[in-house]
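S.K.: Before we start, here is the structure in question, set down as structure tokens.
Nothing in this text is a laboratory measurement; each read-out follows from the coordinates by a stated rule. The structure presented is a predicted model; accordingly, all values stated were derived computationally and were not measured. Positions of Cβ are generated from backbone atoms using ideal geometry, with glycine treated the same way; all protein chains shown enter the neighbour counts.
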Amino acid sequence: MARAQKNFVCSTCGAVTTKWSGRCDGCGEWNTISEEKPLSQAGPAGKTLGGLRGREITLSNLSARDAPPPRTSSGLGEFDRVLGGGLVPASAILVGGDPGIGKSTLLLQAAARFAGAGLKVIYISGEEAAAQVRMRAQRLGLGEAAVKLGAETNLRDILTTLEAEAPDLVIIDSIQTMWADNVESAPGSVSQVRAAAHELVTFAKSRGVSVMLVGHVTKEGQLAGPRVVEHMVDTVLYFEGERGHQFRLLRAVKNRFGPAHEIGVFEMTGDGLSEVTNPSALFLSERDTPAPGSVVFAGIEGTRPVLVEFQALVAPSPHAQARRTVVGWDGSRLAMILAVLEARCGIPFAGLDVYLNVAGGMKVSEPAADLAVAAALLSAREDAALPKDCVVFGELSLSGSLRPVGQTENRLKEAKKLGFSSAIMPARSKAGEKSGVDIRQMGDLIGFVGEVFGAG
Ligand code: TYD
Ligand code: MG
């Protein structure tokens with residue numbers, strides 16, 4: 001009898017090989033390859049799942065109405081907003097971010113708030129000793145909060161404790177330190193992270209407990225354990241910010257219970273994180289006199305408008321290859337805008353170093369910022385400032401025409417609220433008349449250059 005061929009599958013990228021190896025040729029991950037038993041050996045050939053009958057499942061209609069999930073507010077408005085309006089029972093949430101960005105601080109503060117709102121909260125730290133966490137809590141003025149604390153990394157012991165305690169919310173800080181004793185690899189490895197997250201999420205779902213997992217981000221900007229945790233949980237939040245800046249953004253990149261791309265803004269102070277309810281004011285630097293190269297963009301982050309300032313510097317380059325340096329905006333998008341300026345408006349940037357920065361350490365990814373970027377570059381190049389009470393937004397196409405963007409009304413309303421009195425935006429944009437802001441609409445970039453800078 002011919003020997004059945006063995007199949008080995010990588011659990012990260014799914015590559016199939018006929019030979020086991022320590023490292024997957026497909027994705028380069030270590031210790032992710034395991035043998036996969038062929039299905040046909042499980043029962044008589046030709047019969048589904050070995051011919052055994054299962055139980056019939058109940059199907060329902062889409063029209064069935066369910067009550068919205070009950071939510072618990074922490075009272076930390078910025079945190080609740082990102083969750084989609086509070087914590088949903090039995091939900092699994094991943095909070096990712098760079099080491100040292102403030103995840104433990106945020107979750108300790110949230111834990112105390114949720115405990116104050118009547119939930120039974122357990123905080124498990126696998127990174128710090130209990131005394132360290134207590135010390136931080138006292139420094140944050142949370143020494144009296146009704147949060148139970150454990151310092152442990154053994155998953156079996158943690159789950160046994162949680163079973164006995166039956167909390168409403170568990171915080172695991174961090175998933176990379178958890179160790180499942182049935183998996184033979186080191187804590188922090190892909191297999192351990194996956195196993196630990198799977199156990200915790202399954203526990204959460206079956207016992208009606210909400211669980212928040214802290215996950216450190218690797219250098220490549222991914223959560224260790226190639227995003228394996230991301231699809232296991234209901235909600236993925238990223239806590240981000242520049243080390244040198246005080247403000248921090250909590251961003252929902254996935255949310256089964258609310259809008260994705262929602263942001264919460266915090267400021268790191270000596271007494272922990274405090275909420276920033278008006279982020280626009282924070283991101284706009286002191287703007288007393290109009291400065292060349294500085295342009296305010298009326299953006300949308302999640303469901304709310306945020307004004308941010310783009311700053312550009314253009315100078316003759318001493319290098320053979322001129323520099324393009326970007327902070328807070330996409331580098332290839334900058335190259336595109338420079339190319340459009342050159343090809344459609346005849347304004348070359350060759351031989352000029354270009355620096356583009358988003359003030360306050362904010363990151364912008366909306367294409368609606370194209371026009372603001374182009375305006376900042378032109379303003380820096382021509383050494384001519386835009387009026388200081390003016391906001392700009394609009395998407396740029398390769399042909400040099402301006403495309404309308406969504407949520408015009410919200411952008412203008414926010415601009416008005418922060419004392420801006422005029423806006424430059426694409427023609428054919430919907431609405432805007434009632435905003436109280438003086439609007440100038442442009443069809444293409446050439447028109448914009450002519451009207452704003454008076455020349456090509
Ligand atoms: P931490 O929550 O430990 O970060 P993470 O869990 O993401 O690794 O926070 C680390 C930084 O925050 C630390 O460098 C000190 C700073 N910090 C403050 O500035 N103020 C505070 O009140 C606290 C608790 C921390
Ligand atoms: Mg921490």
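S.K.: Arrange 168, 66, 330 by Cβ neighbour counts within 10 Å, fewest through most, would you?
M.R.: Lowest count first: 66, 330, 168.
S.K.: Follow-up. Would you please give the residues with an amide H less than 5 Å from that of residue 91, counting only those at least 5 places away or on a separate chain, with H modeled from the backbone geometry?
M.R.: 210, 211
S.K.: Right, next: How far, in nm, would the chain grow between residue 207 and residue 332 when pulled straight, counting 0.36 nm per residue and subtracting the alpha carbon separation?
M.R.: Contour length minus the Cα-Cα distance gives 40.3 nm.
S.K.: Let me ask another. Only loop residues by DSSP count here, and only those with at most 14 other Cβ atoms within 10 Å; note down the GluC sites (Glu not before Pro) in region 149-190 that meet that.
M.R.: Passing both the DSSP loop test and the Cβ count: 184.
S.K.: Provide 9, 233, 437 in ascending order of the number of other Cβ atoms located within 10 Å of each residue's Cβ, fewest first.
M.R.: Taking fewest neighbouring Cβ atoms as first place, the list is 9, 437, 233.
S.K.: Round to a whole angstrom and tell me the spacing of the C-alpha centers of region 294-337 and region 116-158.
M.R.: Rounded to whole Å, the Cα centres lie 42 Å apart.
S.K.: Could you give P(r) for the chain, binned at 10 Å from zero, as whole percent values over all Cα-Cα pairs?
M.R.: With a bin width of 10 Å, the distribution comes to 4, 17, 22, 20, 18, 12, 5, 1, 0.
S.K.: Check the cysteines of the chain one by one and keep only those with no other cysteine Cβ under 4.7 Å from their own.
M.R.: Within the chain, the cysteines lacking a partner Cβ under 4.7 Å are 345, 390.
S.K.: Counting only helical runs of four or more DSSP H residues, what would the 222 nm mean residue ellipticity of the chain come to if each run contributes -39,500 (n - 2.57) and the total is spread over all its residues?
M.R.: Value at 222 nm, helices only, nearest 500: -7500 deg cm²/dmol.
S.K.: Could you tell me whether region 282-453 comes out rounded, prolate or oblate from its Cα gyration tensor? Rule is a ≥ b ≥ c as square roots of the eigenvalues, rounded for a/c under 1.5, then prolate if a/b exceeds b/c, otherwise oblate.
M.R.: prolate
S.K.: Amide H to amide H, which residues 5 or more places from residue 74 or on other chains are under 5 Å from it, using H placed in the peptide plane?
M.R.: Amide H neighbours of residue 74: 80, 87.
S.K.: Check which residues have an amide H placed less than 5 Å from residue 29's amide H, if you skip close sequence neighbours.
M.R.: HN-HN under 5 Å from residue 29: 24.
S.K.: Using alpha-carbon pairs under 8 Å, 6+ residues apart, how would you state the relative contact order of region 355-425 in percent?
M.R.: Relative contact order for region 355-425 comes out at 32 percent.
S.K.: Simple spin-label model, 7 Å along Cα-to-Cβ: residue 18 to residue 409 in nm?
M.R.: 6.5 nm
S.K.: For the pairs 388/430; 120/254; 388/417, note any where the Cα-Cα span goes beyond 21 Å.
M.R.: 388/430; 120/254
S.K.: Straight-line reach from residue 6: which aspartates and glutamates fall under 13 Å, measuring Cα to Cα and dropping same-chain residues less than 8 apart?
M.R.: Cα-Cα hits under 13 Å: 35, 36.
S.K.: At a threshold of 8 angstrom on Cα-Cα distance, excluding pairs fewer than six apart, so keeping six or more, what relative contact order does the chain reach in percent?
M.R.: 11 percent
S.K.: Which ³J(HN,Hα) values in Hz, rounded to whole numbers, follow from the phi angles of region 205-215 under the Karplus curve 6.51 cos²θ - 1.76 cosθ + 1.60, where θ = phi - 60° and Gly and Pro get x?
M.R.: After applying 6.51 cos²θ - 1.76 cosθ + 1.60, I find 5, 7, 9, x, 9, 8, 10, 10, 9, 8, x Hz.
S.K.: I've got another one for you. Compute the label zone of residue 261 within region 380-407: residues whose backbone N is under 20 Å from the point 7 Å along Cα-to-Cβ.
M.R.: 392-398, 402-407
S.K.: Only four residue types carry charge here, +1 at the Cβ of Lys and Arg and -1 at the Cβ of Asp and Glu. Report the dipole size of the chain about the Cα centre in Debye, rounded to the nearest 20.
M.R.: Approximately 1100 debye in magnitude.
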